[in-house]
Structures are given as structure tokens and as C-alpha cells.
1. Test each condition in (1) within 16 Å of the chain's Cα centre (by Cα); (2) modelled with pLDDT under 95; (3) not charged (D, E, K, R) for Ala34 and report the one that comes out false.
2. If you scan the stretch 17-43, which residues turn out to be within 23 Å of Arg77 (Cβ to Cβ) and of a type in the set (D, E, K, R)?
3. Mind listing whichever residues of the stretch 23-36 are of a type in the set (Asp, Glu) and surrounded by 14 or more Cβ atoms within 10 Å (Cβ to Cβ)?
4. Just for the stretch 40-53: of the residues that are modelled with pLDDT under 90 and either closer than 14 Å to Ala85 by Cβ or in contact with a strand residue (DSSP E or B) (Cβ under 9 Å, 6 or more places away or on another chain) (or both), which one is surrounded by the fewest Cβ atoms within 10 Å (Cβ to Cβ)?
5. Looking only at the stretch 42-75, which residues are of a type in the set (A, V, I, L, M), free of Cβ contacts under 8 Å to residues at least 12 places away in the same chain and over 20 Å from Val27 (Cα atoms)?
Amino acid sequence: MKELSLEDERAVDRLTLQLLQDAYFDVAAVLSGAKPQASTAILAAIEQRFTDVLGRIYRDRSEGQASHAIAIAVGERLGEIMEQAHGRAARAQVA
């Protein structure tokens, strides 16, 4: 396999994030439309996993010197994605 340049690696990261974000939106919408209580429980479990992992990164400095900033930035980005997904899911429930 060809070695990827730094720019290519960034593209991989950006596209991966976009695909995961789209999948999270779809899952949230489908779950909330089919089983609102199950949706709440499943999405809460996912959010708790994010919180636990980011808390460990922050506490253990497992990503190096910038661990605190990295954990906070990832948390903010995930928070934005989850808020958007929940907003879309709520609109899908009403429709």
C-alpha cells in the first residue's frame, strides 16, 4: 500500500469523522423514530463511553503534553455532533 502524505492522512481523518458523524445521525434518527426509550438509553451509553475515554486521556496524559487540550477539543467536537444528532432525532420523532 502506498504511503500517505500528511495531507492525505488529514483527508483520511476528515472523511472518517464525516462518515462516523453521518452514521451517528442516522442511528439516532432511526432509534428515536422506532423506539424513543431505547434511543435515549443507547445514546446515553455511547455518550458515557466518550466521557470515560476522554476523562482517562485527560487524567493519564496518554496523548502526551497536549492531552488536556486534545481531550477538551475532542469532547467539544463530539458534543457538537451529538447535539446535532439529538436535534435531528427530535425533529424526526415529531414528523
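The values are calculated or read from the model by the stated rules, or taken from the named source; none is laboratory data. From a predicted model like this one, the values you see are computed outputs, not experimental measurements. Cβ atoms come from the backbone with ideal geometry, glycine included; neighbour counts cover every protein chain shown.
1. Result: Ala34 passes all but (1).
2. Asp22, Asp26
3. Across the stretch 23-36, there are no qualifying residues.
4. It comes out as Ala44.
5. Those that are of a type in the set (A, V, I, L, M), free of Cβ contacts under 8 Å to residues at least 12 places away in the same chain and over 20 Å from Val27 (Cα atoms): Val53, Ala66, Ala69, Ala73.
Let's see how each residue does on (1) surrounded by fewer than 16 Cβ atoms within 10 Å (Cβ to Cβ); (2) in contact with a strand residue (DSSP E or B) (Cβ under 9 Å, 6 or more places away or on another chain); (3) not in a helix (DSSP H, G or I):
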residue: Arg10; (1), (2), (3): yes, no, no
residue: Thr16; (1), (2), (3): yes, no, no
residue: Gln21; (1), (2), (3): no, no, no
residue: Ala38; (1), (2), (3): yes, no, no
residue: Gly55; (1), (2), (3): yes, no, no
residue: Glu63; (1), (2), (3): yes, no, yes
residue: Ala71; (1), (2), (3): no, no, no
